[in-house]
Amino acid sequence: FFSRLFRRGKNKIETMRIKYDNVNENVNKVAGKLENEIITLTNDIQLLDKLYNKNIDAFKEHTIFIIAAKQRLDEVRNNELMDLRIKAEETNLPEDAEEYRNLVSKCDTFEKYIYDLELSRTLCLLSLPRLKAIQAANEVLVQKIRTTITTTIPMWKDTIANAVIAENTKKSLSIQNAVDDATNQMLKRMADVSKEVSVGATKASQR
């Protein structure tokens, strides 16, 4: 009886330990994946920071180019183009008119180039808050994951260990209760036997 009792308790604890090892291994895998996510997010944060600075530099460069280009376009239209128009009107020669039209076309093309620069500069400006927002979100997530690794994961492991310890306590309590029950049964049986022998002896003496 006692052999079966202890063996049954040992088998149950061994099963619990196997489950604990499996769960603990899975918890470690989760922790490893979270640490990999921290590395990825940290790299993304650094990349976003570089993109942010790159867009600021691009915005400044575009601004300088736009100011210079507009000044040059105004100079050409107010001077060279004006002179060619007056010359073409005075000479009325086809080559002078063609030269004037060519410069007008170049000025229009250059103006479109300036517009493209302004559009690119606007896109650079609009991207700045978006990049910062993503960067801030990643930083918050990194902190959250670190908190999980330092608090939640250990709590999981403690909970699993406590379950094994509780099962040990439960096993010990079960064995102790079984021993108490067996002891009580033996004492009761001995008392019954003693009573039976006493009664039999008394009857025998009276007979």
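The values are calculated or read from the model by the stated rules, or taken from the named source; none is laboratory data. If you're wondering where the values come from, they're calculated on a predicted model, not measured in any experiment. Cβ coordinates were reconstructed from backbone atoms using ideal geometry, including for glycine residues, and neighbour counts include every protein chain displayed. Calculation scope for accessible area: heavy atoms of the full protein, side chains included, ligands and nucleic acids excluded. Shrake-Rupley method; radii C 1.70, N 1.55, O 1.52, S 1.80 Å.
Within a straight-line Cα-Cα reach of under 25 Å, Lys19 can be paired with the following lysines, leaving aside sequence neighbours fewer than 8 residues apart in one chain: Lys10, Lys29, Lys33, Lys157, Lys170, Lys171. Excluding ligands, DNA and RNA, the accessible surface per residue across region 58-207 is 73 Å² with a 1.4 Å probe.
Only Cα pairs under 8 Å and at least 6 apart count here; give the relative contact order of the chain as a rounded whole percent. Before the final figure, lay out the partial values.
On the way: 94 pairs, mean separation 80.2, N = 207.
Worked out over the chain, it gives 39 percent.
Counted by Cβ distance under 13 Å from Asn55, the other residues give a net charge of +3, where Lys and Arg count +1 and Asp and Glu count -1. Among Phe65, Leu84, Leu47, whose Cα sits farthest toward the positive end of the charge dipole of region 44-120 (+1 at Cβ of Lys/Arg, -1 at Cβ of Asp/Glu, about the Cα centre)? Of the listed residues, the answer is Leu47.
Please state, to two decimals, what the Cα-based radius of gyration of region 92-159 comes to when divided by 2.2 N^0.38 Å (N = residues). The partial results should precede the final answer.
On the way: Rg = 29.3 Å, N = 68, 2.2 N^0.38 = 10.9 Å.
Taking the Cα Rg and dividing by 2.2 N^0.38 Å, one obtains 2.68.
Derived from the Cα gyration tensor, the three semi-axes of the equivalent ellipsoid of the chain are 102, 12, 10 Å, largest first. Averaging Cα coordinates gives a centre for region 41-114 and one for region 128-154; these two points are 44 Å apart. Near Lys112, which lysines are there with a Cα under 28 Å away, not counting those fewer than 8 places off in the same chain? Within the straight-line limit of under 28 Å, Lys112 reaches these lysines: Lys54, Lys60, Lys70, Lys87.
In the chain, helices alone account for a calculated mean residue ellipticity at 222 nm of -35000 deg cm²/dmol, with every DSSP H run of four or more residues adding -39,500 (n - 2.57). Placing +1 on each Lys and Arg Cβ and -1 on each Asp and Glu Cβ, with no other charges, gives the chain a dipole about its Cα centre of roughly 3420 debye. Only the Cβ atoms of Lys and Arg (+1) and of Asp and Glu (-1) were treated as charged; on that basis the dipole of region 16-68 about its Cα centre amounts to roughly 180 debye. The length gained on full extension between Leu119 and Thr42, counted as 0.36 nm times the residue separation minus their Cα-Cα distance, comes to 24.6 nm.
Taking all protein chains as present, what is the carbon and sulfur share of the accessible area of the chain, in % to the nearest whole number, probe 1.4 Å?
Values: 8780 of 15220 Å².
Summing carbon and sulfur atoms, their accessible area is 58 percent of the total for the chain.
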